[in-house]
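This report concerns only the one structure given below.
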Amino acid sequence: MSRDICWLVNSLRQLNIALFCTLKSISGSPCVSCSSSVLLLAPLLAETDPAPRRVSRPTGSTGAQGTDGLCSHFRWMAEHVPAFRVPGAHVHILTSPDQFYQTMKARIKTAQKRVVMASLYLGTGQLEQELVDCMEEALQRSQESSRSPDLKVSVLLDYTRGSRGQINSRTMLLPLLQRFTSQMRVSLYHTPDLRGLLRLLVPQRFNETIGVQHIKVYLFDDSIIISGANLSDSYFTNRQDRYVLLENCREVADFFSDLVAAVGDVSLQLQPDDSVTVLEGMVHPYKGNRQDFSASARERIMEVVNTAHVRQRLEDSEDEGLSEGEEDTWVFPLVQMKPLGIQMDEQVTKRLLTDAGPDSTVFLTSGYFNLTRAYMSLVLGAGASYRILTASPEVNGFFGAKGVAGAIPAAYIHIARQFYNQVCRLGQQERVHLHEYHRPQWTFHAKGLWYYLQGQDRPCLTLIGSPNFGYRSVHRDLEAQIAIVTENEELQSQLQEQETLYQRSTEVSGSTFERPDRHVKLWVKLVTPLIKNFF
């Protein structure tokens, strides 16, 4: 086994021992292996606090005021990733799960040439079935209107999450695949890190912790929704997320259609008999050589990114800067696939956090507050004011879960307390503020970043998509989001959506963690380093 697999297998084994010993101790039964188990876990628990890094911003990136400085302030992004100019009037912020759901249904029904959907999984309830019915209706209409059906439907999901249980994402889509075989494609991405003995040892419920397809992109002809929401009933009803609709933005839609197709090409292909195959010439994700798969997948995916980047540079050579008139907004796609050697999102996010100088304000939200060491160091060492919003325990998606998963909200309390203590030790309380989201009968899954330049009362930039700014988003999963930079005042007003989120929050103080409902048990503290890496 590789070193990583050995480490993970040993970690899981020691985690099981530690949990067993803890439960035995709670029940009053002595366990002679307790002390040795804790000692064996010690290397995993020795995570030191990140040293804050005082950063200096690059020459020319300070003091950008108004729209005159906007182009130069963020133009560096175009050096790293493709950039698409779009009219700000074509960008719409959706504000509720129901609006997200109803928009998708309506767009699927009227699609003429393509429906592309990328998600972690597709749920199995009534609302999800209605979404599948919309696809069926659109495909049927296409068949009736032409001898050569034009509409193509492509769905990309994660293999492990999409295959869980007897009734799952695959069984939901099989009837469509069987009926519209020539028009329908279902791809199931399988991480190359789940293989061999590890694949046999990790239970089905936890195998997705090794790495998943986490991109959330929903595309209908030349319009596209970028979101952090999955295709599941709670995301359509009472799970707060973020969603942006780019309407009639063909180049952006083409890019993400090509990106999803590229990931689909290196994924397992669902067949009408519920078997899976690999496209001819592609390396098998867990039976083939790990390095060969990653290299092949990276080449295929970067072909899409590089082609778009070259096209953008050619256009820029003809038209310097943001174009005048309607095209007052830039869209930068940020892709993060560290297992495949792709880390554009991480590079851009680090630069944004580095450039956030005094008198600028950054709002950052995540349903699972678990900043990477690098991100945390930049936040603690930057000059900007930060307002960080995360889920309170009762709106955490794992609240009330059975088994070890039920301890995850408490683990995030422990992580938040460690971060808050670090802020206090550095005397950063006036600059860095931590908030908790509250909403009865809802869960919180919204993530993103809003950037207010010095002297501006509206954000000119936002990040929106699937990443959570945590270890998994950076190192394990396939992620994608977009950076929207806009001079359009109406769109900037829409981007103030975060105000609604923060209105449902309370600011964290030292007394917050002294409350009885914030008590974290010792065994949860012990396993928190594992939870940080896998959940």
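The values are calculated or read from the model by the stated rules, or taken from the named source; none is laboratory data. Predicted, not measured: the structure shown is a model, and the values here were computed from it. Reconstructed Cβ throughout: ideal geometry from the backbone, glycine too, with neighbour counts over all protein chains shown. What goes into the accessible areas is simple: the full protein's heavy atoms, side chains included, and nothing from ligands, DNA or RNA. Shrake-Rupley method; radii C 1.70, N 1.55, O 1.52, S 1.80 Å.
When restricted to residues that are free of Cβ contacts under 8 Å to residues at least 60 places away in the same chain, farther than 27 Å from Leu197 by Cβ and open to solvent by 40 Å² or more (accessible area, probe 1.4 Å), the stretch 271-312 contains 9. Looking across the stretch 378-390, just one residue is open to solvent by 10 Å² or more (accessible area, probe 1.4 Å) and modelled with pLDDT under 95, and that is Gly383.
Is it true that Pro339 is under 25 Å from Ser187 (Cβ atoms) and either open to solvent by 30 Å² or more (accessible area, probe 1.4 Å) or not assigned by the TED database to the domain that holds His214 (or both)? Explain how you work it out, then say what you get.
Details: under 25 Å from Ser187 (Cβ atoms): yes; either open to solvent by 30 Å² or more (accessible area, probe 1.4 Å) or not assigned by the TED database to the domain that holds His214 (or both): yes.
Here the answer is yes, as Pro339 does meet what is asked.
Restricting to the stretch 392-403, and then to whatever is open to solvent by less than 10 Å² (accessible area, probe 1.4 Å) and not in a helix (DSSP H, G or I), can you tell me which residue is farthest from Pro203 (Cα to Cα)? Within the stretch 392-403, the match that is farthest from Pro203 (Cα to Cα) is Ser392. Of all residues in the stretch 515-533, none that is of a type in the set (Lys, Arg) has its Cβ atom under 8 Å from the Cβ atom of a residue that is exposed (fewer than 11 other Cβ atoms within 10 Å of the Cβ), 6 or more apart or on another chain.
Scanning the stretch 475-493 for residues that are open to solvent by 10 Å² or more (accessible area, probe 1.4 Å) and either touching a Gly at 6+ places or on another chain (Cβ under 9 Å) or of a type in the set (A, V, I, L, M) (or both) yields a count of 7. Just to be sure I understand the filter: pairs with C-beta atoms under 9 Å, separated by 6 or more residues or on different chains, first member in the stretch 494-509 and without any contact (Cβ under 8 Å) to a residue 60 or more places away in the chain and closer than 17 Å to Ala391 by Cβ, second member surrounded by 19 or more Cβ atoms within 10 Å (Cβ to Cβ) and aromatic (Phe, Trp, Tyr). Which pairs pass? Nothing qualifies. Of all residues in the stretch 94-112, those that are open to solvent by 20 Å² or more (accessible area, probe 1.4 Å) and within 18 Å of Val331 (Cβ to Cβ) total 0. The residues in the stretch 417-468 that are touching a residue at least 12 places away in the same chain (Cβ under 8 Å) and part of a loop (DSSP other than H, G, I, E, B) can be counted, and the count is 20.
Of all residues assigned to the stretch 184-200, at least one qualifies as being more than 25 Å from Ala405 (Cβ to Cβ), in contact with an Asp or Glu (Cβ under 9 Å, 6 or more places away or on another chain) and touching a residue at least 40 places away in the same chain (Cβ under 8 Å). I'd like to know if the stretch 175-191 contains one or more residues that are charged (D, E, K, R) and closer than 22 Å to Thr209 by Cα. No: the stretch 175-191 contains no residue that is charged (D, E, K, R) and closer than 22 Å to Thr209 by Cα.
Would you call Asp150 in contact with a helix residue (DSSP H, G or I) (Cβ under 7 Å, 6 or more places away or on another chain), crowded, with 21+ Cβ neighbours inside 10 Å and either of a type in the set (Asp, Glu) or outside the structural domain of Asp98 (by the TED database) (or both)? So Asp150 fails the test. When the residues of the stretch 181-219 are filtered to those that are aliphatic (A, V, I, L, M) and part of a loop (DSSP other than H, G, I, E, B), the one that is farthest from Asn289 (Cα to Cα) is Ile215. Residues in the stretch 162-198 that are charged (D, E, K, R) and either open to solvent by 60 Å² or more (accessible area, probe 1.4 Å) or under 20 Å from Phe256 (Cβ atoms) (or both): 3 in all.
Of all residues in the stretch 404-463, exactly one satisfies the criterion of being buried (at least 21 other Cβ atoms within 10 Å of the Cβ) and of a type in the set (Asp, Glu), namely Glu436.
Yes/no matrix, rows are residues, columns are (1) assigned to a loop (DSSP other than H, G, I, E, B); (2) of a type in the set (S, T, N, Q); (3) closer than 20 Å to Ile215 by Cα:
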{"residue": "Pro272", "(1), (2), (3)": "yes, no, no"}
{"residue": "Glu280", "(1), (2), (3)": "yes, no, no"}
{"residue": "Pro285", "(1), (2), (3)": "yes, no, yes"}
{"residue": "Ser294", "(1), (2), (3)": "no, yes, yes"}
{"residue": "Glu299", "(1), (2), (3)": "no, no, yes"}
{"residue": "Leu334", "(1), (2), (3)": "no, no, yes"}
{"residue": "Pro339", "(1), (2), (3)": "no, no, yes"}
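Checked against the criterion of being modelled with pLDDT of 95 or more and either in the same structural domain as Val252 (by the TED database) or over 22 Å from the mean Cα position of the chain (by Cα) (or both), the candidates Glu346, Glu320, Glu327, Glu299 yield just one match: Glu299. Within the stretch 235-270, the residues that satisfy the criterion of being surrounded by 19 or more Cβ atoms within 10 Å (Cβ to Cβ) and among the polar types (S, T, N, Q) are Gln240, Ser257, Ser267. Could you tell me which numbered condition Ser257 fails, if it satisfies all but one of (1) part of a strand (DSSP E or B); (2) more than 25 Å from Phe535 (Cα to Cα); (3) hydroxyl-bearing (Ser, Thr, Tyr); (4) within 19 Å of the chain's Cα centre (by Cα)? So the condition that Ser257 fails would be (1).
May I ask you to verify whether Phe363 is under 19 Å from Tyr235 (Cβ atoms) and under 22 Å from the mean Cα position of the chain (by Cα)?
Numbers: under 19 Å from Tyr235 (Cβ atoms): no; under 22 Å from the mean Cα position of the chain (by Cα): yes.
Against the criterion (under 19 Å from Tyr235 (Cβ atoms) and under 22 Å from the mean Cα position of the chain (by Cα)), Phe363 does not qualify.
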